[in-house]
1. If you scan the stretch 172-208, which residues turn out to be within 16 Å of ligand 1 (Cβ to nearest atom) and not in a loop (DSSP other than H, G, I, E, B)?
2. Can you find, within the stretch 11-42, the residue that is farthest from the chain's Cα centre (by Cα) among those that are among the basic types (Lys, Arg) and more than 13 Å from ligand 2 (Cβ to nearest atom)?
3. Could you list, in sequence order, all residues of the stretch 38-85 that are in contact with a Ser or Thr (Cβ under 7 Å, 6 or more places away or on another chain), under 19 Å from GLU234 (Cβ atoms) and surrounded by fewer than 20 Cβ atoms within 10 Å (Cβ to Cβ)?
4. Looking at the stretch 138-154, I want the residues that are farther than 19 Å from SER104 by Cβ and part of a strand (DSSP E or B) and have a partner that is within 16 Å of ligand 2 (Cβ to nearest atom) and charged (D, E, K, R) with Cβ atoms under 7 Å, at least 6 apart or on another chain. Which pairs are those?
5. Got at least one residue in the stretch 61-80 being among the acidic types (Asp, Glu), more than 16 Å from ligand 1 (Cβ to nearest atom) and modelled with pLDDT of 95 or more?
Amino acid sequence: MIKNVFEVNNRGQPTPVSIDIDRHYAWVVAGPSGVGKSTFLRRLIGLISFYDETAEAYFMDFKADEDMFSMTGNHVARSFECLDLFETVYNRFKARLNKQEENSHNLYLIFDEWQAFLAYLEQTDKKKHKDILSKMLMMNSMGRSLGLRIILSSQRFLMVDLPGRYNFNCIISLSTSFLMSTNNRQLLFPDMEKDEVVVKPRGYGYFQLEGEPVKMFRTIQVRDEERLNQRIQELFSRYS
Ligand SMILES: Nc1ncnc2c1ncn2[C@@H]1O[C@H](COP(=O)(O)OP(=O)(O)OP(=O)(O)O)[C@@H](O)[C@H]1O
Ligand SMILES: [Mg+2]
């Protein structure tokens, strides 16, 4: 259980939200540039480190935002190295699928700027692009019982960027105004009507866990950056 992911307003009281990552195992974090996706992922990674004590995590930072993600080690990749690390995670998934790996601790694939990575692949290597999409589809349709946990962040989503869209069962929009666009709503929260969208400043968004209604949330600020950095580094050093 990952606690304190963000807070919702419950009869006037800010109430922290916990998400059962073993049930809601495939997340999409969406929002336009500058809205706070990387900041949100940073805090989330800290929570995973704290609440999932045996978690093993891989992080792909396609934008190479080293101010945001300064951690090092062989479980972290930046820019073009993301492809190799993605393949590493896929091979771990396959090893579990084929029962060559007996570990059952949770294995996290966390990818910042997923759609930028796909756009790059599509431009440079169409075959690889297709291959990566089909691997993602395999992982998000069969990974749950194998301990695979997937968290993708993206500025913009097209249906083709999200193979097996309905296997993603925790959808987070880090922007409210972003949902005024019919395209964004249809992809993220297909049942949400335009007049249900309440536009709020940065720090607010909407999320939906599969089987539950869309709810507004507010992000929680980091209080101790230094401790957060330590937790993040600890997580990515665990199995290296
Ligand atoms: N909840 C928040 N409230 C206020 N400011 C925030 C919040 N989240 C992030 N910020 C600030 O907004 C700026 C952009 O944040 P961040 O880099 O996380 O956005 P991003 O969505 O990852 O952007 P990009 O698409 O450019 O990578 C940072 O200066 C950050 O400190
Ligand atoms: Mg970012």
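1. So in the stretch 172-208, the residues within 16 Å of ligand 1 (Cβ to nearest atom) come out as 172-179, 184, 188, 199-207.
Hits for the stretch 172-208 are ILE172, SER173, SER177, PHE178, LEU179, ASN184, LEU188, TYR204, GLY205, TYR206, PHE207.
2. ARG11
3. Residues satisfying the conditions are MET68, GLY73, ASN74.
4. Listed pairs, sorted by first residue: SER153/LYS37; SER153/ASP112; SER153/GLU113; SER154/GLU113.
5. In the first step, residues of the stretch 61-80 are kept if they are among the acidic types (Asp, Glu); the result is 61, 65-67.
Right, trim to more than 16 Å from ligand 1 (Cβ to nearest atom) and you get none.
There is no residue in the stretch 61-80 that is among the acidic types (Asp, Glu), more than 16 Å from ligand 1 (Cβ to nearest atom) and modelled with pLDDT of 95 or more.
For (1) modelled with pLDDT of 95 or more; (2) within 16 Å of ligand 1 (Cβ to nearest atom); (3) on the phi < 0 side of the Ramachandran plot; (4) assigned to a loop (DSSP other than H, G, I, E, B), each residue gets a yes or a no:
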{"residue": "ILE21", "(1), (2), (3), (4)": "yes, no, yes, yes"}
{"residue": "ARG42", "(1), (2), (3), (4)": "yes, yes, yes, no"}
{"residue": "ILE45", "(1), (2), (3), (4)": "yes, yes, yes, no"}
{"residue": "LEU83", "(1), (2), (3), (4)": "yes, no, yes, no"}
{"residue": "TYR90", "(1), (2), (3), (4)": "yes, no, yes, no"}
{"residue": "LYS94", "(1), (2), (3), (4)": "yes, no, yes, no"}
{"residue": "PHE111", "(1), (2), (3), (4)": "yes, yes, yes, no"}
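The values are calculated or read from the model by the stated rules, or taken from the named source; none is laboratory data. On a predicted model such as this, the values are computed, not experimentally measured, just so you know. Reconstructed Cβ throughout: ideal geometry from the backbone, glycine too, with neighbour counts over all protein chains shown.
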